[in-house]
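A.B. asks: This structure is in structure tokens; I'll ask about it shortly.
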Amino acid sequence: MPAGAALGFLALGAIGIVVLLVSLFIAGFVLYLGAKLVGIENATIGKSIIAVVGGGILAAILGIIPIIGWILGIIAYIWVIKVVFDTDWLKAFLAWIMTFVVALIVGLVLGAILGASLLAAL
């Protein structure tokens, strides 16, 4: 393998790590916003990132189980939010739901901005 190709693979790995870290930060920030919207007082971005990583790993492991795995994964993800933020089940569930709402709103706004930009370019 030529030396240039090896550097290309190394660069792809580095880019993958950067993309992973940025994605975790964005998901953690969205969970942080959802937690603050439902009134979880001790929510921080650091705790949110921990909850995203822990909940994602646990949900992925439980998601392997046929038929009920996805339900167990959702319950496990909400449990991780409950434990990390030291809150009750209702606020953890609402924070999980608000994560989707905030992500949807951000996606729609960014889509509208990018769509308008693309239309202006025509």
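A.B. asks: Out of curiosity, is LEU31 surrounded by 13 or more Cβ atoms within 10 Å (Cβ to Cβ), in contact (Cβ under 8 Å) with a residue 60 or more places away in the chain and not β-branched (Val, Ile, Thr)? Steps first, answer last, please.
C.D. replies: Numbers: surrounded by 13 or more Cβ atoms within 10 Å (Cβ to Cβ): yes; in contact (Cβ under 8 Å) with a residue 60 or more places away in the chain: yes; not β-branched (Val, Ile, Thr): yes.
Yes.
A.B. asks: On to the next question. State which residue pairs qualify: first residue in contact (Cβ under 8 Å) with a residue 40 or more places away in the chain and loosely packed, with under 15 Cβ neighbours inside 10 Å and inside the range 39-65, second residue of a type in the set (Lys, Arg) and in a helix (DSSP H, G or I) in any location, beta carbons under 7 Å apart, and separation of 6 or more residues or different chains.
C.D. replies: Going by the 7 Å Cβ cut-off, the qualifying pairs are GLY39/LYS91.
A.B. asks: Just the residues that are part of a helix (DSSP H, G or I) and farther than 23 Å from LEU104 by Cβ, please, taken from the range 55-75.
C.D. replies: Restricting attention to the range 55-75, the residues satisfying the condition of being part of a helix (DSSP H, G or I) are 55-62, 69-75.
Residues satisfying the conditions are ILE57, LEU58, ILE61, LEU62, GLY69, LEU72.
For (1) within 24 Å of LEU104 (Cβ to Cβ); (2) assigned to a helix (DSSP H, G or I); (3) hydrophobic (A, V, I, L, M, F, W, C), each residue gets a yes or a no:
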| site | (1), (2), (3) |
| --- | --- |
| GLY28 | yes, yes, no |
| GLY34 | yes, yes, no |
| GLY39 | yes, no, no |
| VAL84 | yes, yes, yes |
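Bear in mind that the values in this text are calculations on the coordinates, not laboratory data. Just so you know, these numbers come straight off a predicted model, no measurement behind them. As a convention, Cβ positions derive from the backbone with ideal geometry for all residues, glycine included, and neighbour counts pool all protein chains shown.
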